[in-house]
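Readers should treat all values here as calculations from the given coordinates under stated rules, not as data from a laboratory. These numbers come from a predicted model, not from an experiment. Here the Cβ is made from the backbone with ideal geometry for all residues, glycine too, and neighbour counts use every protein chain on show.
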Amino acid sequence: MKNKSALFGGVFLAVACLSVQAADLRVKGSIAPSSCSFTLTNSTIDYGKINPSSLSATQYNPLPNKSTPFVIKCAAQARVAISATDNRAASKVGGITLQYGSQYNDNYNYGLGNTGNGEHIGGYILYMRSSVADGKAVNIMQSFDNGGVWRGIAGAMAQTPVLTSWWSGDFTPLKFSTLSGTLNVRAILNKTSALSLSNEIKLDGHATLELKYI
């Protein structure tokens, strides 16, 4: 009887070991940049009604400078840059922004749309001024190789894939929580001899400024 009891006990223990359940453990999380927002006080720059008689038929026609404040706010300090895309690139008048300086080639030339007859209306350049990061005045820089090399600029924004960012002291993109400044627009119209003035012409510039984490 003792032998049978011992055998029964051994079988019971073996069954008990086989019934142990497995439990899965997962380790999750993410490494993500601080959330940042980019806001323009005025997202539309309006030149109102322009009298055709005030425009030249033989020369390009610069318009007054316009501007709007902007602010970038981040939940925690972050390095960011802006990429500018011209959504009216097909309408640009080649070389028109060279009127503002030899450095403003077509990489800085944003189109103002077309007339109903398909004529190119003009162009404009974008540039930043008075940038302040976390209470301190900062400088503007650009990279033409996706952040590999940076160079200081006066403020004009070349189009994508060029990146525009900020620096102070060390010549590398600066971390900040809040940055504010002014976005300026310098528009210039085509010669009126190249435009059909019998119908209303509506300026239709459209650019996208995208915030990128770097």
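Once you treat every alpha carbon in the stretch 57-213 as an equal point and sum by Debye, what is log10 I(q)/I(0) at q = 0.09, 0.15, 0.16, 0.18 Å⁻¹?
With one equal scatterer per Cα and no solvent, log10 I(q)/I(0) is -0.32, -0.79, -0.87, -1.03.
May I ask you to derive the FRET efficiency for Val27 and Asp134 from their Cβ-Cβ distance with R0 = 41 Å, giving the value to the nearest 0.05?
Efficiency at R0 = 41 Å is approximately 0.75.
I'd like the Karplus ³J(HN,Hα) series for the stretch 197-214: coefficients 6.51, -1.76, 1.60, θ = phi - 60°, whole numbers in Hz, and an x wherever there's a Gly or Pro.
Couplings: 9, 6, 10, 4, 10, 10, 5, 9, x, 8, 10, 10, 9, 10, 7, 10, 8, 10 Hz.
Short version: ³J(HN,Hα) in whole Hz for each residue of the stretch 100-115, in order, from phi by Karplus 6.51 cos²θ - 1.76 cosθ + 1.60 (θ = phi - 60°), x for Gly and Pro, what are they?
8, x, 5, 6, 8, 6, 5, 5, 9, 9, 9, x, 10, x, 10, 6
Taking Cα atoms, how many degrees apart are the long axis of helix 2-18 and the longest axis of the chain, rounded to 10 and kept between 0 and 90?
It is inclined by approximately 0 degrees.
Taking 8 Å as the Cα distance limit and 6 or more residues as the minimum spacing, I'd like the relative contact order of the chain as a percentage.
Rounded, it is 29 percent for the chain.
Could you derive backbone 3J(HN,Hα) for the stretch 89-98 from the dihedral phi with the Karplus parameters 6.51, -1.76 and 1.60 (θ = phi - 60°), listing whole Hz in sequence and x where the residue is Gly or Pro?
Each residue's phi maps through the Karplus curve to give 4, 5, 9, 5, 8, x, x, 5, 6, 5 Hz.
Sort the following peptides by mean Cβ neighbour count (other Cβ atoms within 10 Å, averaged over residues), highest first: 166-177, 143-154.
The densest-packed peptide leads the list: 166-177, 143-154.
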